[in-house]
Amino acid sequence: MKSMESLRRIATDGVAEWLSRLLESLPNIAPPRTDPTEVDPANAGWLHKFVRDVVTTNPETHDDLSNIQIYLIEISLDAVDWDALAGEPRFRHFDWSHAHLAYP
């Protein structure tokens, strides 16, 4: 049986890979931070909110998924180490409080 720490690492790596691919295809999702060298403890929370909002929305209709789907996704997202993810070099220079997907 896997330990909680290994599950946390797997969940964080999975979200990091997905987010990295999303940023490659849509590089203007979030503006750069005014001072990326400054530690912003709120950035992890904003990143979590952005990811949750994106993955709990139907990409075709832009409606929320069903309650059970959202619940199951949120359980998985609770395993992510958001502080570590927001501090990664690939993601720390973005201002996640202004991140959004613009639908045509």
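The values are calculated or read from the model by the stated rules, or taken from the named source; none is laboratory data. These figures come from a predicted structure and were not determined experimentally. Cβ placement follows ideal geometry from the backbone for every residue including glycine, while neighbour counts extend to all protein chains displayed.
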Self-check item: Residue count for the range 50-60, restricted to those that are among the acidic types (Asp, Glu) and either closer than 23 Å to Ser6 by Cα or surrounded by 15 or more Cβ atoms within 10 Å (Cβ to Cβ) (or both)
Solution: 0
Self-check item: Failed item, numbered, when Arg9 is tested on (1) basic (Lys, Arg); (2) modelled with pLDDT under 90; (3) surrounded by 15 or more Cβ atoms within 10 Å (Cβ to Cβ)
Solution: (2)
Quiz item: Among (1) surrounded by 15 or more Cβ atoms within 10 Å (Cβ to Cβ); (2) without any contact (Cβ under 8 Å) to a residue 12 or more places away in the chain, where does Asp63 come up short?
Solution: (1)
Quiz item: For the range 38-49, does any single residue satisfy the condition of being touching a strand residue (DSSP E or B) at 6+ places or on another chain (Cβ under 6 Å), surrounded by 12 or more Cβ atoms within 10 Å (Cβ to Cβ) and part of a loop (DSSP other than H, G, I, E, B)?
Solution: no
Quiz prompt | Total residues in the range 66-104, condition of a type in the set (Phe, Trp, Tyr), under 21 Å from Pro27 (Cα atoms) and surrounded by fewer than 16 Cβ atoms within 10 Å (Cβ to Cβ) | solution = 1
Exercise. Evaluate the following for Thr34: is it in contact with an Asp or Glu (Cβ under 9 Å, 6 or more places away or on another chain) and loosely packed, with under 11 Cβ neighbours inside 10 Å?
Key: yes
